[in-house]
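The next block holds one structure in the form of structure tokens; read it before the comments.
The values are calculated or read from the model by the stated rules, or taken from the named source; none is laboratory data. Because the structure is a prediction, the values reported are computed rather than measured. Positions of Cβ are backbone-derived with ideal geometry, glycine not excepted, and every protein chain shown enters the neighbour counts.
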Amino acid sequence: MAWEDTFRSWASPPGETEQQKCENAERAIGKAVAASRVLEARGVAVYQQGSYRNRTNVRIDSDVDLGLLCRETFFYDLPDNATAAQLGLTEPVTYPYTTYKNDVGAALVDHLGSAAVTRGDKAFDVHENTYRVDADVVPCFPYRFYQADGSYIEGRAFLTDAGRRIINYPEQNYTNGVAKNDRTRRGFKASGGVALEVAGRRLRGPVGAYAEGGDGEPAVIVGSTGRLEIFVRAGSARDNLGAGRGAIVRVRRAE
């Protein structure tokens, strides 16, 4: 079997039964939010993200990645030499993220039971059963990256329990992924269930754009020819990994 065929087999969307279980998991999270007076009053919305939205869940190992978006407040970053007051950001935060995450945890436990929910540093793990697949649930606020003219690019952000802020752009990533998939004749999505390891290191990706690779962090991208490429943004993958021509690259189905 050719590598392209192998990738497509690994990254095929869930089968009909698996897809139903994915939808059941999403529905269960939605019901937990709707049953919470606190979350319902704040207009919390459930949205798909990651491989679930991109339809690159691997067969048999399918799970659901969901975000819970609360627009009552937002995270932001300002351009150089700008102040919050200049942009009209004068209101104090009345609903801190830590409180929001606690409310989400309480809603999930109240609706699904404590045995079905595990709180992690970044997300809540809602465990699978015979009715639904495993689900990772991330509570988040909007994120605004302000520009000098007062406009902003919107994404999503959340805080880990350790206090680290994580920012992502699910809408932009999805749009870029669709465009990339079209340009590579479906090669990008077909590689969604692939994991690469070089010199004993698991590589990040496949990512949707070179800009998504962290500085000094080896990552994988689907190039313009539809082939998997290893790169380091602002650096050398050869030097970073200590590997060159002839190095062993392990390609397998992602866990």
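Suppose the filter is assigned by TED's automatic domain parsing to the domain that holds Glu40, buried (at least 18 other Cβ atoms within 10 Å of the Cβ) and over 24 Å from Gly43 (Cα atoms); does Arg132 pass it? The answer is yes for Arg132. The residues in segment 5-47 that are of a type in the set (D, E, K, R), modelled with pLDDT of 80 or more and either in a helix (DSSP H, G or I) or not assigned by TED's automatic domain parsing to the domain that holds Tyr97 (or both) can be counted, and the count is 7. Of all residues in segment 75-123 being assigned to a loop (DSSP other than H, G, I, E, B) and of a type in the set (A, V, I, L, M, F, W, C), which is surrounded by the most Cβ atoms within 10 Å (Cβ to Cβ)? Result: Ala123. The C-beta contact set for segment 241-255 (first residue part of a loop (DSSP other than H, G, I, E, B), second residue at pLDDT 75 or above and among the hydrophobic types (A, V, I, L, M, F, W, C), distance under 7 angstrom, 6+ apart or interchain) comprises Ala243/Val198; Ala247/Val198.
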